[in-house]
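*Asks:* Below are the C-alpha cells for one structure; questions will follow.
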Amino acid sequence: MASLFKDPAKLSAYRDRRFPGNQEEFEHALQTSTTVYVGNMSFYTTEEQVYELFSRAGEIKKIIMGLDKNSKTPCGFCFVLYYSREDTEDACKYISGTILDDRPIRVDFDWGFQDGRQWGRGRSGGQVRDEYRTDYDPDILLIAPNNFVCNSCILDSYFVIGGYGKLVQKE
Ligand code: GTA
C-alpha cells in the first residue's frame, strides 16, 4: 500500500487558488516542500509558543505568523519552515491535532511560503474561514460596525457577529 505521504491526493485537501501553476506543479510542491501551514490557532498564541511546539519535530528555519491585513495582529494561522522534508512530514503526522492554547491545531502540508501569504484573505482582514464560521469560537472577537475600534483593529465596511464570525453585513 502506498504511504500516506507518497500519494499527493492525500497530502492536503486544501487547494490554494493563488498557487502560480497547474495541478501537477501544485502536487509536486506539496510533496517536496519543507513548509507546513498551521490553522485553528488562538489569536493569542505567540511565535515563541509555536517554536517550542514545532521544534519537537525538527530544526526550524523560520516561522511566519499569519496576520490580519488591516490590524496587523495574529489572526489564527502561521507557516513553519523546516530544513528537512522528514521533519516536515513528522510535524504533519505528530503535531496536527495537538492542543495549543486550548485549541486543537491543524497542521497541513503547504506548497511553500511566498511574501504576501502571511496576510488573511478575508474581506474584513482575517482568515476567510472565520467569516463563514457558524459554530461559536470564543477567540473571534466582537467587531462592531461603523469604524468601531476593537483590539487595535479598525474596520470600515464589515462586521462579524461575536464568536460566530459570520460575515453578515456589507454596507
Ligand atoms: N497549506 O488549509 C490550508 C490553508 N488555509 C485554510 C489557508 N491557507 C492554507 N494553507 C494550507 N492549508 O496564504 C493559507 C492561504 C493563505 C493564508 C491565509 O493561509 O494560502 P485565508 O484562509 O485567509 O484565505 O488564507 P484562503 O485560503 O484563500 O481561503 P479559502 O480557500 O477561500 O477558504 C478557506 C476555508 O474557509 C475553506 O476551506 C472553507 O472551510 C471556508 N470557506 C471559504 N469560503 C466559504 C464559503 N463561501 N462558505 C463557507 N465556508 C467557506
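*Asks:* By the gyration tensor of its Cα atoms, with a ≥ b ≥ c the square roots of the eigenvalues, what is the shape of segment 31-88: rounded for a/c under 1.5, prolate for a/b over b/c, or oblate? Numbers along the way, then the final one.
*Replies:* Numbers: a/c = 2.56, a/b = 1.78, b/c = 1.44.
Prolate, since a/c reaches 1.5 and a/b exceeds b/c.
*Asks:* Then there's this: Please report, in Å, the Rg and the Dmax of segment 1-147, where both are computed over Cα atoms only.
*Replies:* Rg and Dmax of segment 1-147, Cα atoms, are 15.5, 56 Å.
*Asks:* How far apart, in nanometres, would the label points at residue 49 and residue 14 be if each is projected 7 angstrom from Cα along the Cα-to-Cβ direction?
*Replies:* 1.8
*Asks:* Collect residues whose amide H, placed 1.01 Å from N in the peptide plane, falls under 5 Å from the amide H of residue 106; neighbours closer than 5 in sequence don't count.
*Replies:* Close amide H contacts, sequence-distant or interchain: 39, 40, 97.
*Asks:* Per residue of segment 91-101, what does 6.51 cos²θ - 1.76 cosθ + 1.60 with θ = phi - 60° give for ³J(HN,Hα)? Whole Hz please, x for Gly and Pro, Karplus curve as stated.
*Replies:* Taking θ as phi minus 60°, the curve returns 4, 5, 6, 9, 9, 4, x, 6, 8, 10, 6 Hz for segment 91-101.
*Asks:* Run the quick spin-label model on residue 121 and residue 96: label points 7 Å from Cα toward the beta carbon, then report their separation in nm to one decimal.
*Replies:* 1.9
*Asks:* Give the aspartates and glutamates whose C-alpha is closer than 16 Å to that of residue 61, dropping any in the same chain fewer than 8 places away, or say none.
*Replies:* 47, 48, 52, 86, 87, 89, 90, 110, 115
Throughout, read-outs are computed from the coordinates displayed, never taken from laboratory work. Quantities reported herein were computed from a predicted structural model and do not represent experimental measurements. A quick note on method: Cβ atoms are made from the backbone with ideal geometry, for glycine too, and the neighbour counts reach across all protein chains shown.
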